[in-house]
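A.B. asks: Here you go, one structure.
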Amino acid sequence: MCADQLSVYDAIHLRRDVRAEFSGDLVDDETLLRILDAAHRAPSVGNSQPWDFVVVRRADTLRRFAEHVATKRAQFRDSLPADRAATFDPIKIEGIVESGTGIVVTHDDRRGGPQVLGRASVPATGVYSTVLAIQNLWLAATAERVGVGWVSFYDPEFLHALVGLPAGIEPVAWLCVGPVDEFQRVPDLERFGWRSGRPLADAVHHETFGG
Ligand SMILES: Cc1cc2nc3c(=O)[nH]c(=O)nc-3n(C[C@H](O)[C@H](O)[C@H](O)COP(=O)(O)O)c2cc1C
């Protein structure tokens, strides 16, 4: 390990969902490949590796996606009561154009054939596997001082068509990926008063959920 590499705990503590801190530089291809390799090393049910990664850099595609996301943001904003709308207004929810690189992470539930070892009674383990690849990607990017922002304000059908996904392959995430000037120490939703995290002690249970 190089002296300036982060431990996994360092990366976990440093990681943020990034919207506003992209430097405007593009992540270089070698770094991007290392980050994707880390994603591809994730555990997966039955070793099915149900993920794929579509790297999007065309300015026109980034712009079209950003415009679509802006309409979904406005719809969500309109659904809020006045006080929540006022809290939501200053919160940036994406850095699609500024990051310069989008990674669409997709899921193929047919990958691995009809008998995926371990998925028979919990079908969602397929999608869980794809999400683990995203978490690997996110932590590896953080270790490289590259920011990641997960965007989920979209209609899946729109994104499906935008990046030409074949039938049966579903988008799971649009990730904005790019070098950052800094990582915020406090999550944006906490800084802007939308919602704070809860203490670990509230999440840990012993023997039974109510115990
Ligand atoms: C499944 C998922 C979807 C998310 N979608 C969005 C999104 O559309 N826009 C956004 O700004 N942040 C999105 N986030 C980021 C969360 O708001 C963020 O992870 C959370 O507030 C905690 O902040 P942190 O990641 O910086 O610790 C998403 C995160 C996850 C895991």
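A.B. asks: Test of understanding: among R111, R191, which residue is basic (K, R), farther than 21 Å from H40 by Cα and either without any contact (Cβ under 8 Å) to a residue 60 or more places away in the chain or in contact with a Pro (Cβ under 6 Å, 6 or more places away or on another chain) (or both)?
C.D. replies: Matching residue, one of R111, R191: R191.
A.B. asks: If I go through the stretch 58-76 residue by residue, how many of them are surrounded by 14 or more Cβ atoms within 10 Å (Cβ to Cβ) and not aliphatic (A, V, I, L, M)?
C.D. replies: So the count comes out to 6.
A.B. asks: Also, quick follow-up: Taking P50 as meeting all but one of (1) within 15 Å of the ligand (Cβ to nearest atom); (2) in contact (Cβ under 8 Å) with a residue 24 or more places away in the chain; (3) more than 18 Å from F183 (Cα to Cα), write down the number of the exception.
C.D. replies: P50 satisfies every listed condition except (1).
A.B. asks: Sticking with this one: Any idea which of L159, L189 is in a helix (DSSP H, G or I) and more than 26 Å from V8 (Cβ to Cβ)?
C.D. replies: When all the criteria are applied, what remains is L159.
Let's see how each residue does on (1) crowded, with 19+ Cβ neighbours inside 10 Å; (2) within 26 Å of D108 (Cα to Cα); (3) touching a Cys at 6+ places or on another chain (Cβ under 7 Å):
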site	(1), (2), (3)
T142	yes, no, no
G149	yes, yes, yes
S152	no, yes, no
A161	no, yes, no
A167	no, yes, no
V180	yes, no, no
H206	no, no, no
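A.B. asks: Starting from the stretch 146-166, keep only residues that are closer than 18 Å to D52 by Cβ, then list their pairs with residues that are within 13 Å of the ligand (Cβ to nearest atom) and acidic (D, E) whose Cβ atoms are within a distance under 9 Å, requiring at least 6 positions of separation or different chains.
C.D. replies: V148/D17; W150/D17; V151/E94
A.B. asks: Output yes when any residue across the stretch 26-41 is under 17 Å from A173 (Cα atoms), of a type outside the set (A, V, I, L, M, F, W, C), surrounded by 18 or more Cβ atoms within 10 Å (Cβ to Cβ) and at pLDDT 95 or above, and no when none is.
C.D. replies: No: the stretch 26-41 contains no residue that is under 17 Å from A173 (Cα atoms), of a type outside the set (A, V, I, L, M, F, W, C), surrounded by 18 or more Cβ atoms within 10 Å (Cβ to Cβ) and at pLDDT 95 or above.
A.B. asks: In the stretch 13-58, what residues are touching a Leu at 6+ places or on another chain (Cβ under 8 Å) and over 29 Å from L117 (Cβ atoms)?
C.D. replies: Listed by number, the residues that qualify are L14, R15, V55, V56, R57.
A.B. asks: For the stretch 68-80, indicate whether the set of residues that are more than 16 Å from the ligand (Cβ to nearest atom) and in contact (Cβ under 8 Å) with a residue 40 or more places away in the chain is non-empty.
C.D. replies: Checking the stretch 68-80: not a single residue is more than 16 Å from the ligand (Cβ to nearest atom) and in contact (Cβ under 8 Å) with a residue 40 or more places away in the chain.
A.B. asks: When the residues of the stretch 2-18 are narrowed to those that are under 11 Å from L139 (Cβ atoms) and at pLDDT 95 or above, which ends up nearest to the ligand (Cβ to nearest atom)?
C.D. replies: Applying the filter and picking the extreme gives R15.
The values are calculated or read from the model by the stated rules, or taken from the named source; none is laboratory data. Note that the structure is a prediction, hence the values are computed from the model and not measured. Positions of Cβ are backbone-derived with ideal geometry, glycine not excepted, and every protein chain shown enters the neighbour counts.
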